[in-house]
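Right, one structure below, let's go through it.
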Amino acid sequence: MQAGQPLRVVIVGGGTAGWMTAAGLSRLLDPRDYAITLVESDEIGTVGVGEATLPHIKTFNDMLGFDEAEFMRETQATIKLGVEFIGWTRDGDRYIHPFGTFGERWAGVDFQHHWARAKLAGRKVAPLQAYSYAVALARADAFERPSEDTASIRSTYAYAYHFDASLYADYIRRWSMRRGVRRVEGLVLDVEQDGGTGHVRALRLKSGAVIEGDLFVDCSGFRSLLVGQAMGVGWQDWSGWLPCDRAFAVPCDRVGRLTPYTRATARDAGWMWRIPLQHRVGNGYVFSSRFCDESRARETLLGHLEGSPLAEPRLLRFQAGRRERMWEGNCVAIGLAGGFLEPLESTSIFLIQAAVMDLANLMPAPGRPVDARLAAEFNRLSSLQYDRVRDFLLLHYIANGREGQPLWDHMRAMTLPDTLAHKIALFEESAAAPGYLYGLFSRDSWLSVLVGQGIEPGGYSRLADRLPLDEVEQRLADLRGRIEAGLGMMPSHEDFIARHCGAGPAVRMTA
Ligand SMILES: Cc1cc2nc3c(=O)[nH]c(=O)nc-3n(C[C@H](O)[C@H](O)[C@H](O)COP(=O)(O)OP(=O)(O)OC[C@H]3O[C@@H](n4cnc5c(N)ncnc54)[C@H](O)[C@@H]3O)c2cc1C
């Protein structure tokens, strides 16, 4: 690294992680100080899944300056207001984890305390789901952008997207290259490391080309070419907690209404996803090979498709867990190279986005050696993210009522991480739910899954006692009235897409 020269950032991998990293860094950093190169191999290709997101992606897209309508058109995107869980307590049960709030804070106290208090006092109280405008919207297959008037019930939700993973990678690749990211096509065969520090100095490609760099971002997918293989950073295996380790994925024709949410349906040995896009529906069966063989899983998936399959089901193998350190020496792992937790809550793309932002914030200055303290902070933040996501995913499984099904029996009997056991106990005692300032998930998300899985509070914050119970009952009824009235003003999701971002002839109006 020479003084006065830009710092050479080399990204290995051109999947969602690689191109989101290239786009984010090229947008946020001064091009006079940072030269960004991305190496990807057509021979290997990408994992090609990853189609449901969280609302944070909108912040990332806005930061990049994407035009939303164009982005949605080009990626065949639809709106996602949350995830509907079917059969997670027992067959036929359903609830939605919405991207929106449950109720309102009254007298400075979170809604669930008033709700729990009224319920425990035997007052007229509806299920928690009835107090979320986002749930009502999703159930009505309706959508409009949230209102900017914060007093309106129509401002109490956010939204994310479902999109076609390969069209998304294409879109973000074109955008990054327009901003000066250099793309090199080639297979990395060898990694050259400094004999003293162990830092990576250069990549040797199959073509014989050598790509030198100062900071390397490992976005090579499950291979983890740099952080895992070259730097030898260990793997924390979390399959003891999250035993699903396979998925079959297959797209099918869309029939029926264009639902503005992802569906996750529990099955004997795992769960199935359904992600509606404009031009097709993405489906997959995530299962545990300890409890189901691959051919039975394939049959289960094909047996539950709503339309004709558009391709052969594709098998993906993985293990839940993460690298012990995401940043080692001068290499930073982002995306599948750093870890993977099953896609139940669509967290991987969020984890990529968060890592890109953290890396941009902690980026070494040009002309200076990579400081180990930057790496330590990055590692602290990513551990926090992964641990919290793991606990949240586990929460979906452990309170199931699917007795007699080996995977589900196993999950109910499991010893929980202390962090999760504490959260559940606290909620049962006092209706308190986590509210993180950094990372996932929000209080409302925790509430939706805790209550959705049948975990009920036996107490509440005594601060809620300041409001008379009659008034609470009145406010609860009023809130439901406002949700109902707001809903009447909403167009259908299908109309919204057709008006704002329909992808043209490929859109199938089969409802
Ligand atoms: C079954 C399943 C479902 C998922 N669903 C979701 C979801 O709904 N939402 C969500 O947020 N996430 C989801 N994910 C995760 C999501 O797909 C990934 O996080 C995302 O695609 C990022 O992948 P990646 O870029 O890290 O890796 P990949 O897509 O595997 O890309 C790796 C890149 O590295 C390159 N490469 C590898 N080795 C070399 C080499 N030697 N030389 C040169 N280049 C090389 C490849 O060519 C490729 O470009 C899902 C994952 C799985 C397995």
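When peptides 325-336, 181-192, 382-393 are sorted by average Cβ neighbour count within 10 Å, with the highest value leading, the order is 325-336, 382-393, 181-192.
The three principal axes of the Cα atoms in the range 247-362 give end-to-end lengths of 48, 34, 22 Å, sorted in falling order.
Just to confirm the number: angle between the C-alpha axis of helix 469-487 and the first principal axis of the chain, 0 to 90 degrees, nearest 10? Between helix and principal axis, roughly 60 degrees. For the peptides 401-413, 69-81, residues were scored by their other Cβ atoms within 10 Å and the scores averaged per peptide; the highest-first order is 69-81, 401-413. Summarising the amide proton neighbourhood of A333: residues at separation of 5 or more, or on other chains, whose placed amide H is nearer than 5 Å comprise D218, W327, E328. With semi-axes defined as the square roots of five times the eigenvalues of the C-alpha gyration tensor, the equivalent ellipsoid of the range 119-225 measures 51, 20, 13 Å, largest first. Just so you know, the averaged projected area of the alpha carbon convex hull for the chain sits at 24.7 nm².
Helix 418-430 and the longest principal axis of the Cα set of the chain meet at an angle near 20°.
Spacing of the modelled spin labels on E473 and V255, each 7 Å from Cα toward Cβ, amounts to 4.8 nm.
For the chain, the share of accessible area belonging to carbon and sulfur comes to 49 percent (1.4 Å probe, ligands and nucleic acids excluded).
Distances between placed amide hydrogens fall under 5 Å for W235 paired with E324, all partners being 5 or more residues away or on another chain. Multiplying the residue separation of D149 and R314 by 0.36 nm and removing their Cα-Cα distance gives an extension gain of 54.9 nm.
All C-alpha to C-alpha distances of the range 41-151, sorted into 5 Å bins beginning at zero, yield P(r) values of 2, 8, 13, 17, 18, 15, 10, 7, 5, 3, 1, 1, 0 percent in whole numbers. Spatial offset of the range 20-97 relative to the range 166-238 amounts to 20 Å, using the alpha carbon center of each. Full extension of the chain segment joining M177 with Y436 gains 89.7 nm, where the gain is 0.36 nm per residue of separation less the Cα-Cα distance. Is the C-alpha gyration tensor of the range 354-511 telling us rounded, prolate or oblate? Criteria: a/c under 1.5 is rounded; beyond that, a/b larger than b/c is prolate, otherwise oblate. In terms of gyration-tensor shape, oblate.
Annotation: extensible slack from E299 through E212 equals 26.6 nm (criterion: 0.36 nm per residue apart, minus Cα-Cα distance).
The amide H of R94, built 1.01 Å from its N in the peptide plane, has G87 as neighbours under 5 Å, considering only residues 5 or more places off or on other chains.
Contact order, relative form, for the chain: 23 percent (alpha carbon pairs under 8 Å, 6 or more residues apart, mean separation divided by residue count). I want to make sure I understand the PRE zone here: with the label point 7 angstrom from the Cα of E484 toward its beta carbon, which residues in the range 99-126 have backbone N atoms less than 15 Å away? It comes to 125-126, nothing else. Label separation (E428 vs W235): 3.5 nm, computed from points 7 Å beyond Cα along the C-beta direction. Using alpha carbons only, how many degrees (0 to 90, rounded to 10) separate the axis of helix 372-398 from the longest principal axis of the chain? Helix 372-398 sits roughly 40 degrees off the main axis of the chain. Rounded to the nearest whole angstrom, the semi-axes of the ellipsoid equivalent to the range 280-431, taken from the Cα gyration tensor as √(5λ), stand at 34, 24, 13, largest first.
The values are calculated or read from the model by the stated rules, or taken from the named source; none is laboratory data. For clarity, every value in this text was computed on a predicted model and none was experimentally measured. Please note: Cβ atoms are built from the backbone with ideal geometry, for glycine as well, and neighbour counts cover all protein chains shown. Please note that ligands, DNA and RNA were not included when accessible areas were found on the heavy atoms of the full protein model with its side chains. Shrake-Rupley method; radii C 1.70, N 1.55, O 1.52, S 1.80 Å.
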